[in-house]
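To start, the structure under review is shown below, and the notes come after it.
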Amino acid sequence: MPHDDFPAGSVWLVGAGPGDPDLLTRKAARLIAAAEIVFYDALIGPGVLDLIATGVERVSVGKRSGRHSKDQATIDTLIVTAALAGKRVVRLKGGDPAIFGRTAEEVTACSAAGVPVRICPGITAASAAVASAGSSLTLRGVARRLTFVTAHGQAGQPIDLDWNTLAAPAATLAIYMGRAAAACVAQQLIAAGRAADTPVLVVVNASLPDERVIRGRLSALAFLVEAISATDPAVLIVGEAVATDSIIFPRAAGVIPSFSPARPGLRGARGVVRDGSDSGNRSGRTANMELFCESLLTVKFRPRRGLFTGRGELLASAETLKRRSRRPS
């Protein structure tokens, strides 16, 4: 097929979206299929990688917090070298390349070497996160401003952000790479004037089959992220726009379950998480998950294979939030 916008010796920086291949743009899918070599990030969904043609060289250049397979200068050199060798190069980036993707550095490296380079945007994680939660990043009359920040600073350096500006009440704050800094983020925002009971949304593996959606309040943010593995990508959303679901989720078998505390707002609240399939059907599959916590409002899970085949518990304490499974009794 013709590649008028993707000649040999050129580079496309392609947004792979949050992970679900159905959320790729048609252009991104076309470019991936046409590539002769693909340099991809650590957080690219497996379904997206499956779109790479058989026999095409794949090079992992993923960077995770504290674990870099290749530094940025090396990545720049690899991309430029491949293009100068006459290959059609795709640099596949999670989410949108222009949001915390170090796109400018790779564009600069290509331009300096005389390599044609273009950018294909993608859906960013924050958009996918609120979509899965049935919320919105903005809300008329409530959240008129949206700010994207990264809470991942340079090694050994404190997080240097304008907390007074970020604490503005009529705004939504989308925090990327914020798990490790959650306690600091909450403390600084509250100290700068953001209300302690401001709603927060934590979404893990947004758009993927093992997605988790956790709701709570700002003062409990450090506690909420204890539910997240250090290896799982998460985006934190702070603001009134994510206070409640704006979409009524269906309750068919295998659809997102929800947590309803028996005595909401009280320390040690206990609730049961079930999928909707057992309502009126004794043979339906049920996941019994007890939750003990302070100020946790809602937990939602996108089921993955086997999630509701047995019995599970979700236990929370002031120090940790861990999920464990046990065989059906």
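Can you tell me, using C-alpha contacts under 8 Å and at least 6 residues apart, the relative contact order of segment 49-185 as a whole percent? Present the calculation step by step, with values, prior to reporting the outcome.
Details: 112 pairs, mean separation 23.1, N = 137.
Computed value for segment 49-185: 17 percent relative contact order.
Under the rule of at least 5 residues apart or a separate chain, name every residue whose amide H is placed under 5 Å from the amide H of Thr150.
Answer set, sorted by chain and number: Tyr176.
Could you tell me which residue out of Ala125, Pro7, Val89 lies farthest along the dipole of segment 1-142 toward its positive end? Charges go on the beta carbon: Lys and Arg +1, Asp and Glu -1, centred on the Cα centre.
It is Ala125.
Counting only residues 5 or more places away or on other chains, whose amide H sits under 5 Å from the amide H of Leu92 once H atoms are built in the peptide plane?
For Leu92, whose amide H was placed from the backbone, the distant partners under 5 Å are Val14, Phe39, Tyr40, Asp41.
May I ask you to evaluate 6.51 cos²θ - 1.76 cosθ + 1.60, the Karplus curve with θ = phi - 60°, for each residue of segment 205-215 and list the ³J(HN,Hα) values in order in whole Hz, giving x for glycine and proline?
Listing the rounded values in order: 6, 3, 6, 8, x, 9, 4, 10, 10, 10, 10 Hz.
Determine the distance separating the Cα centre of segment 1-56 from the Cα centre of segment 78-110; give it in Å without decimals.
12
Ile119's amide H: which non-local residues (gap 5+, or another chain) put their own amide H closer than 5 Å, with H modeled 1.01 Å from N in plane and none for Pro or chain starts?
Sorted by chain and number, the residues that satisfy this are Leu13.
Could you run the Karplus curve 6.51 cos²θ - 1.76 cosθ + 1.60 with θ = phi - 60° over segment 178-189 and give me ³J(HN,Hα) per residue in whole Hz, x for Gly and Pro?
Per residue, the Karplus-derived 3J(HN,Hα) values read x, 4, 5, 9, 4, 4, 5, 4, 4, 4, 5, 5 Hz.
All of the numbers you see were taken from the coordinates with simple rules; none came from a lab. Computed from a predicted model, the values in this text were never measured in an experiment. Every residue, glycine among them, receives a Cβ derived from its backbone with ideal geometry; neighbour counts consider all protein chains shown.
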